[in-house]
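To start, the structure itself, in structure tokens.
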Amino acid sequence: MKQVQSDIWETEMQSPFPGLKTHAYLWVREEGNVLFYNTGHSHEIARLEEFGGVERQYLSHQDELGETLNEIADRYGSVLYGHRAELEVYAKVRTPDRLLDRREIHTGGIEVIPTPGHSPGSTCFQVDSPTGKKYLFTGDTLFLDRKYRWTAGFIPGVHDESVRPILASSLRILRALNPDVVFGSAFSGDFGFEEIPSGSWSEKVDAALDRLLAGSTAGRRVDRSQF
């Protein structure tokens, strides 16, 4: 594990298939640690004990499913959160203890922000760190591509074109936020998170929106270099 903020630890990278990488992130708190996303590395799960284990685990969407969800819950007694829209898929591995279905703030200042598009139950999370920073966890709704741009999680050939306007609406919700650090789930470059200069987040999301919507314009070629 690698410390990337004073209270955030990043798990070892995984690569489910060529060109795609993932991390999970542990938010270390006196009130109980929170794990965002999931890791498939059992040795990393064992290391979580050094930091006090896991009280809660939040999944941003169904692509983060894996048998290690059971390993984490069994070892640490953690409470698993996932969106209701993906309950049937989650249940194949582990049914969430708490279902998400609306924007709300959980104990400890964890803001749950449903952002459908990449998947029906895609969800982002924003937290206020005691350090004074705002952390935003975007799952695959927005990810860092090979050019280190925040890019909408629309995959040509995988997603139907009807997904574009749904995902665009979700990006507009994220645009209104003002995070200091943003952590994606999947990424294509060398790193999956970025410190955001003050006032620049809306510009980054606008650029992602432009690329997303340009891809739906008749006759315009989709820029596949982002994947």
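The values are calculated or read from the model by the stated rules, or taken from the named source; none is laboratory data. Note that the coordinates shown come from a computational prediction; the quantities given were computed from them, not determined experimentally. For neighbour counting, all protein chains shown are included, and Cβ atoms are generated from backbone atoms with ideal geometry for every residue, glycine included. Remember, those area values only see protein heavy atoms, side chains included, never the ligands or the DNA or RNA. Shrake-Rupley method; radii C 1.70, N 1.55, O 1.52, S 1.80 Å.
How much accessible area per residue does the chain have, counting only protein heavy atoms and a probe of 1.4 Å, in square angstrom?
Normalised by residue count, the accessible surface of the chain is 45 Å².
Using square roots of five times the C-alpha gyration tensor eigenvalues, list the equivalent-ellipsoid semi-axes of the range 85-213 in whole Å, biggest first.
Semi-axis lengths for the range 85-213 are 22, 20, 13 Å.
Note the full-extension length gain between Lys2 and Phe51 as 0.36 nm times their separation in residues minus their Cα-Cα distance, in nm to one decimal.
So the extension gain works out to 16.4 nm.
With runs of 4+ DSSP H residues as the only contributors, calculate the mean residue ellipticity of the chain at 222 nm using -39,500 (n - 2.57) per run, divided by the residue total and rounded to the nearest 500.
Taking each H run of at least 4 residues, the total per residue is -6000 deg cm²/dmol.
Charges at C-beta only: +1 for Lys and Arg, -1 for Asp and Glu. How large is the resulting dipole of the chain about its Cα centre, in Debye rounded to 20?
780 debye
Using square roots of five times the C-alpha gyration tensor eigenvalues, list the equivalent-ellipsoid semi-axes of the range 1-58 in whole Å, biggest first.
20, 11, 10
Given the Cα-Cα distance of Asn178 and Glu71 and 0.36 nm per residue of separation, how much length would full extension add, in nm?
Here the answer is 35.1 nm.
Which distance in nm do the two modelled labels at Arg146 and Glu111 give, with both placed 7 Å along the Cα-to-Cβ direction?
Using points 7 Å along Cα→Cβ, the separation is 3.4 nm.
Place +1 on the Cβ of every Lys and Arg and -1 on the Cβ of every Asp and Glu in the chain, take the dipole about the Cα centre, and give the residue among Val28, Pro156, Phe125 whose Cα lies farthest towards its positive end.
Farthest towards the positive end: Pro156.
Please state the Cα pair-distance histogram of the range 144-190 with 10 angstrom bins from zero: what percent is in each bin?
22, 49, 28, 2
For a paramagnetic label modelled at 7 Å from the Cα of Glu30 toward its Cβ, which residues of the range 1-22 fall within the zone defined by backbone nitrogen distances under 16 Å?
Inside the label zone: 7.
Please compute the Kirkwood hydrodynamic radius over the chain, one decimal place, Å, based on all pairs of different Cα atoms.
So the Kirkwood estimate lands at 17.6 Å.
Only helices at least 15 Å long along their own axis, judged from Cα atoms, and with Kyte-Doolittle mean hydropathy of -0.5 or greater: name those in the chain from DSSP H.
163-175, 201-214
At q = 0.18, 0.28 Å⁻¹, what is the log10 ratio I(q)/I(0) for the range 120-179, with the Debye formula run over Cα points and no solvent?
-0.70, -1.30
Roll a 1.4 angstrom probe over the protein heavy atoms and tell me the percent of accessible area of the range 1-147 that is carbon or sulfur.
49 percent
Modelled label-to-label distance, Val79 and Ser169, 7 Å Cα→beta-carbon offset: nm?
Rounded to a tenth, the inter-label distance reads 2.9 nm.
Largest first and in whole Å, give the semi-axes of the range 13-141's equivalent ellipsoid, each being the square root of 5 times a Cα gyration tensor eigenvalue.
Here the semi-axes work out to 19, 19, 15 Å.
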